[in-house]
C-alpha cells in the first residue's frame with residue numbers, strides 16, 4: 001500500500017469526523033437558537049447555525065470526493081512506493097500535511113461562524129463580539145495559521161521530527 005492510499009483513508013476519516021461533528025452539534029445549537037423569544041434572533045438562526053454547518057458539510061464532501069486532488073496539491077510525490085528508502089520520510093511529510101488540511105478545514109468552518117455572528121450582532125443590535133467570542137475568533141485564526149504552516153512547511157517539520165526520532 002502506498003502512502004497515497006493511507007492519505008486517502010486519512011482524509012476520508014477526517015471527512016467523516018467533520019460530518020459527525022456537524023450532526024453532533026447542529027441539533028443542540030438549533031434548539032438553543034430557536035428557544036429564544038426574540039423574533040429577530042429567530043430569523044438569523046440559519047445564518048448563525050445553518051450556514052456554518054452547511055460550510056462544514058461542504059468541506060467534508062470535498063475531503064470525501066476529492067482526496068486525490070487535495071493530496072496531489074499538498075504532497076506532489078505521493079506515488080512513492082513502499083520499497084523506496086524515502087518512503088517513511090515522505091509518509092511523515094504527508095501525514096503532517098493531512099493534519100494541516102484538517103486544521104484548515106475546521107478553522108474555515110469556524111471562521112464562517114464568527115463572520116456571520118459578528119455581522120448578525122452588528123445588524124441586529126449594533127454590538128460587537130463578546131470577549132469569549134473574540135478570544136475564540138483569535139484562536140481560530142491561530143489554528144488556521146498553524147494548519148497553513150503545516151501544509152506549506154511539511155518538509156521542514158518532517159526533517160525535525162526525523163532528527164528527533166534518531
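Let's see how each residue does on (1) surrounded by fewer than 19 Cβ atoms within 10 Å (Cβ to Cβ); (2) in contact with a helix residue (DSSP H, G or I) (Cβ under 8 Å, 6 or more places away or on another chain); (3) modelled with pLDDT under 70:
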{"position": "35", "(1), (2), (3)": "yes, no, yes"}
{"position": "59", "(1), (2), (3)": "no, yes, no"}
{"position": "64", "(1), (2), (3)": "yes, yes, no"}
{"position": "68", "(1), (2), (3)": "yes, yes, no"}
{"position": "81", "(1), (2), (3)": "yes, yes, yes"}
{"position": "105", "(1), (2), (3)": "no, yes, no"}
{"position": "128", "(1), (2), (3)": "yes, yes, no"}
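With respect to residue 55, is the statement that it is at pLDDT 85 or above and either within 30 Å of residue 92 (Cβ to Cβ) or not in a helix (DSSP H, G or I) (or both) true? Full working, then the answer.
Numbers: at pLDDT 85 or above: yes; either within 30 Å of residue 92 (Cβ to Cβ) or not in a helix (DSSP H, G or I) (or both): no.
No, not satisfied.
The values are calculated or read from the model by the stated rules, or taken from the named source; none is laboratory data. Values in this document were obtained by computation on a predicted structure and should not be read as measured data. Note that each Cβ is placed from the backbone with ideal geometry, even for glycine, and that neighbours are counted across all protein chains shown.
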